[in-house]
Amino acid sequence: MRRVDLSLPTGRLEAFSDGVYAIVITLLVLELDVPASPDRLLSALAENWPSFLGYLVSFAFIGASWVAHVKLTRCMSACDDVFVGLNLIKLLFVSFLPFTTSLMANHLTGAGQRPAAVLFGLNLVMANAMLTVLAAYSLRAKGLAEPERRADLRRLVRTQWPSTVLLVAATVVAAFFPAAAVIFYLAISALMLIRPLVRIERTIRVGRQSR
């Protein structure tokens, strides 16, 4: 009896995921309010600092998440139904970010600052943790990962966990010091985004030196 191949090509999954990331990162900027009156324009912009801070945090996080997702799918030759489902759950948390970003920005200086900052942190934690789950599953499932790229997948799993732990710690901080926690969110997200870019630049430099 011939075995039925249930694996799926990764191209459609990558295209759909890239589209979601592009839409989400565009929606973020639409949440920024433009002052209607030209009077006291700079003051009005300065008073809107929580929205700009939230935008920077989410933009950095989504950028880092997209880079990690690209690295993940680049290591795969196929995907299955379970992987597609897990990927949709990850995109669920990513697509929720414009809402939690706006919630946090609108209530960061008010009475609801603690729950708003905590919910925002939980959103970041879940979106980041799901990338680790995806990478770990692709290593365990048969026929998904490229044999020569399994080491890269293991490295991706190892590098994802520390950022998730840091985001969990920042979320705990948000329950007591919401404004400080948002700064931590920004620092962690920026580190997540810059670290792979620095590694890529270093790899290119080493490659040029070896020629």
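The values are calculated or read from the model by the stated rules, or taken from the named source; none is laboratory data. Nothing here was measured: the structure is a model prediction, and the numbers come from that model. Reconstructed Cβ throughout: ideal geometry from the backbone, glycine too, with neighbour counts over all protein chains shown. The protein model used for the area step is the full one, side chains on, heavy atoms only, and it has no ligands, DNA or RNA in it. Shrake-Rupley method; radii C 1.70, N 1.55, O 1.52, S 1.80 Å.
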If the elastic network links every pair of Cα atoms under 10 Å, which of S95, S37, S189 fluctuates the most in the Gaussian network model of the chain? S37
Can you work out the Karplus-derived ³J(HN,Hα) for every residue in the range 123-128? Use 6.51 cos²θ - 1.76 cosθ + 1.60 with θ = phi - 60°, whole Hz, and x for glycine or proline. 4, 5, 4, 5, 5, 6
Express in nm, to one decimal, how much length is gained between R114 and F52 on full extension, taking 0.36 nm for each residue of separation and deducting their alpha carbon distance. 20.5 nm
Rounded to the nearest 10 Å², the accessible area of I23 using a 1.4 Å probe with every protein chain kept is 110 Å²
Length released on extending from A169 to D152, taking residue separation times 0.36 nm less the Cα-Cα span: 3.4 nm
For the charge dipole of the chain, defined by +1 on Lys and Arg C-beta atoms and -1 on Asp and Glu C-beta atoms about the Cα centroid, which residue among I194, F16, M104 has the Cα displaced farthest towards the positive pole? I194
Probe 1.4 Å, all protein chains in place: accessible area of T109 in Å², nearest 10? 100 Å²
Can you tell me which of V173, V165, V118 moves the most in a GNM of the chain? Springs connect C-alpha atoms under 10 Å apart. V165
Quick one: the Cα spread of the range 104-184 along its three principal axes, in angstroms, biggest first? 52, 16, 15
Keeping all protein chains in position, work out how much accessible area D81 exposes to a 1.4 Å probe, and write it in Å² to the nearest 10. 110 Å²
Please give the helix 10-30 orientation as an angle from the longest Cα principal axis of the chain, in degrees from 0 to 90, rounded to the nearest 10. 10 degrees
If you wrap the range 1-108's Cα atoms in a convex hull and average its projection over all directions, what's the area in nm²? 8.1 nm²
Helix axis angle, 81-95 relative to the chain longest principal axis, alpha carbon, degrees: 10 degrees
In debye to the nearest 20, how big a dipole does the chain give about its Cα centre with +1 on each Lys and Arg Cβ and -1 on each Asp and Glu Cβ? 1180 debye
Value of relative contact order over the range 41-197, rounded to a whole percent, pairs C-alpha under 8 Å and six or more apart: 35 percent
Quick check: convex hull over the Cα atoms of the range 69-131, volume per residue in Å³, rounded to an integer? 72 Å³
Output the Kirkwood hydrodynamic radius of the range 5-64, Cα pairs only, in Å rounded to one decimal. 14.1 Å
Environment charge of T73, counting only residues whose C-beta is closer than 10 Å and scoring Lys/Arg +1, Asp/Glu -1: 0
With a 1.4 Å probe and all protein chains kept in place, how do K142, K71, K90 rank by accessible area, largest first? K142, K71, K90
Given bins 10 angstrom wide, list per bin the percent of all Cα-Cα distances in the chain, short to long. 8, 31, 31, 19, 9, 3, 0, 0
Rounding to the nearest 10 and keeping the result within 0 to 90°, find how far the Cα-based axis of helix 49-74 lies from the longest principal axis of the chain. 0 degrees
